[in-house]
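The structure under discussion appears below in the form of structure tokens.
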Amino acid sequence: MRQVLLFFLFLLATCIQVSGQEYSIIDKRAIKYFEEGEVFLSRKQFPEAMEKFQEAYQRSKDFYEAYIRHAQTLLSSGRPEEALEVVNLGQSRLSIKDSDFFRGQLGWLNGQILLEMGQFTEALQVIQESRAFFTTEFLESDHYQQKKQQLEIIEEGIQNPLNLRKEKLPAPLNRFQLQYFPVLTADGRRIFFTKRDGTSVRDHEDIFFSNFENGEWTVPEPISLAINTRYNEGTCTISADGNLLIFTSCDTPDSFGSCDLYLTERVNGSWQRPLNMGRSVNSRFWDSQPSLSADGSTLFFSSNRPEGEGGNDIWYSRRLEEGQWSAATNLGKEVNTPGDEVSPFVFFNNTVLFFASDGHAGFGGKDIYMSKLKAGGFDYPENLGYPINDQKDQLALFIAAQKDYAYYTENSFHQGRVDSSFLFRFDFPESIDLGEKLIVTKGRVVNEQTGEPVEAMLSLVNLDNDSTLYRFRSEGEEGTFTMIYPDSAFSGLYVEKQGFMPKIYNVERDSLKNKNNLEVFLEPISSGSHFVFENVFFDFDDTSLKPASVSSLNRLVKFLKAHPSLAITIAGHTDNVGTESYNRTLSTKRAETVKDFLLASGIVESRLGTVGKGASEPLRPNDTEENRALNRRIEVIIQ
């Protein structure tokens, strides 16, 4: 609708002149009606203005300025069908002697109305037939050039449409007058959305959720009394594991602006009291529509603060080591425009960003665009195409981690205003590249001795460059967790909890991909406790550490600094290839190499012992190369 209003204002600013006169007719009474309509229009008294414009052309049937103004006002009021009737009436009264100027004006307006109605083929045909009557000044205007780009996008889109199957989410979902901004957990088993009972100012927003159980959705229910209040709460984002929620709340007593972003965590099954995310994220203006990256490290949101490119922009903030958030940064001119950019969604691989915009060329209204992360920032956005985008505003796209469905909101309108909204989904096209395949691993962390759940920190790390792909906690009440990560990474999983021995996995070797029931047993620290120090790599018959070992070594340093009273023995092991004495010497040297790294990292020597055990304590029979690889290892033993 915003583009329609801009078009309307553009034509209002265009002075219609013929043969040096202000109007194309001389009937003073008709002109008086028209000018009275202009006054009403300037006061935004649209019904009165339209009545006067209609009286003007009813009195003087060749008063084409009145047809144009009446149709423009109807169009900007959300009544395109009636606007088209007025334009068609004006066109039917054009005679051969009438100026080509009005043929062009009415033909162009006819095309814009058809675009607004989504009748793209008819619109393109009408505009093409009318082009011969457009003035040179109009053809050279910025407005026409922008519209020309839109028409080219529409023509390409309708000639090469995406094959989509849209469906309204079944009952008991969509039971309210308005439900919008759907968000799902990584496993797709829980959906969150904003619910509102009506469109009046008395109808507040709340966050609701529903679970997918036994093949169907449960009856939606409020998320929590700690979150939903007498103020407006909505447009939320949730971490992939479902334990960290960021949402929008408006006009609350502790807000900095009209709407602020708040954060809450789920502890022992209950959502905690939400906290305002502070001045580093929020401003004195509107801050809303958050999207959290799957690893919880980056928050994207929309804001109308004046430091942006114009209108609403996409901003982002990074989570710092101490748990605080960095000062919000504008995403830049590649994504943001002088128009509006809203409803960001970052896909689960953290490298593809979706958002809605009316500032980039598209099909009309707000379209959905995709931008991919590259060195130095996000790339220039791509329009997702037709019929994902059409003449309406497209907002709140959410793509499931499995890439099977995209969820969105579809609105119903009455006289240009949203009357109701419902949750829909469509099969996400395989032709749209979302990057590498994603893997979901689910499980729980428990105390090895008692079987009780443990709230531990889990870190998924790219071993090639020691970068954290994903960091999250197991849920305290049940010890459960869900993690999602790209298939391309050579990764390790570290499970850590103060007072417990760390658990270290190699994702590939330990077959963690797409595992739904991984049981992680953490052993309380005690003398004689030990763990296999995974992801420490040596070349065959060599004592030099490979670069991919740095990640595990850094975590051992962290473990020793977190438990300053502990002393450890570093035990080296080999397979059975070679003599016993050679293997014992090799394993000792490898243990000493690990010790040297710890010493260089500030761990005092008195806390570190080493031993080489050669091939004397194999984990597996040395009958395959895979088993021999498992036997070549480093272990850490508590003294």
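Assorted remarks:
- In sequence order, calculated HN-Hα J values of the stretch 293-301 (Karplus, 6.51, -1.76, 1.60; Hz; x Gly/Pro): 5, 4, 7, x, 8, 9, 10, 9, 7
- Under 15 Å from Lys168, Cα to Cα: aspartates and glutamates that are on another chain or at least 8 residues apart: Glu216, Glu410, Asp427
- Coarse-grained scattering of the stretch 436-524 at q = 0.13, 0.17, 0.20, 0.22 Å⁻¹, given as base-10 log I(q)/I(0) from a Debye sum over alpha-carbon atoms: -0.38, -0.65, -0.88, -1.06
- Sparsely packed trypsin sites (Lys or Arg not before Pro) within the stretch 328-373, loop by DSSP, other Cβ within 10 Å at most 13: Lys333
- Angle between the chain longest axis and helix 580-600 axis [Cα atoms, degrees, rounded to 10]: 50 degrees
- Between Asp393 and Lys366, the built amide H atoms are under 5 Å apart, and every one of these is 5 or more places off in sequence or on another chain.
- Calculated diffusion of the stretch 2-159, Stokes-Einstein form, Kirkwood radius summed over Cα pairs, 4 °C and 1.567 mPa s, µm²/s: 82 µm²/s
- In straight-distance terms, cross-link reach from Lys497 covers every one of the lysines whose alpha-carbon lies under 17 Å from its own, apart from those fewer than eight places away in the same chain; here that gives Lys558, Lys561.
- Net charge of Cβ neighbours under 11 Å - reference Asn282; Lys, Arg +1; Asp, Glu -1: 0
- The stretch 166-427 - Debye-derived log10 I(q)/I(0), Cα point model, q = 0.10, 0.11, 0.13 Å⁻¹: -0.45, -0.56, -0.81
- For the stretch 429-446, backbone phi angles converted through the Karplus equation (6.51, -1.76, 1.60; θ = phi - 60°) give residue-by-residue couplings of x, 5, 6, 8, 7, 9, x, 5, 5, 9, 10, 10, 10, 10, x, 8, 10, 9 Hz, Gly and Pro being listed as x.
- Gyration tensor (Cα) of the stretch 173-283, equivalent ellipsoid semi-axes in angstrom: 23, 18, 11
- Cα long-axis angle, helix 46-59 against the chain (0 to 90 degrees, to the nearest 10): 40 degrees
- Nearest 10 degrees, 0 to 90: helix 550-562 Cα axis against the chain principal axis: 70 degrees
- With only Cα atoms counted, the chain has Rg and Dmax values of 32.1, 114 Å.
- Lys-Lys pairs in the stretch 2-159 that are eight or more residues apart or on separate chains and whose Cα atoms lie under 16 Å of each other come to 7.
- Hz values of 3J(HN,Hα) by residue in the stretch 302-309 - Karplus curve (6.51, -1.76, 1.60), Gly and Pro given as x: 10, 8, 9, 4, x, 7, x, 7
- The calculated pair-distance distribution of the stretch 285-403 uses every alpha carbon pair, bins of 10 angstrom beginning at 0, and gives 14, 48, 32, 5, 0 percent.
- Tail beyond 23 Å, pair distance distribution of the stretch 88-235 (Cα, percent): 60 percent
- Those GluC sites (Glu not before Pro) in the stretch 259-349 that DSSP places in a loop and that have at most 15 other beta carbons within 10 Å: Glu307, Glu321, Glu322, Glu334
- Environment charge at Thr337 (Cβ cut-off 9 Å; Lys +1, Arg +1, Asp -1, Glu -1): -4
Every number in this text was worked out from the coordinates using simple rules, so none of it is lab data. Just so we're clear, the structure is a prediction, and the values are computed from it rather than from any experiment. All Cβ positions, even for glycine, are placed from backbone atoms using ideal geometry, and neighbour counts span all protein chains on display.
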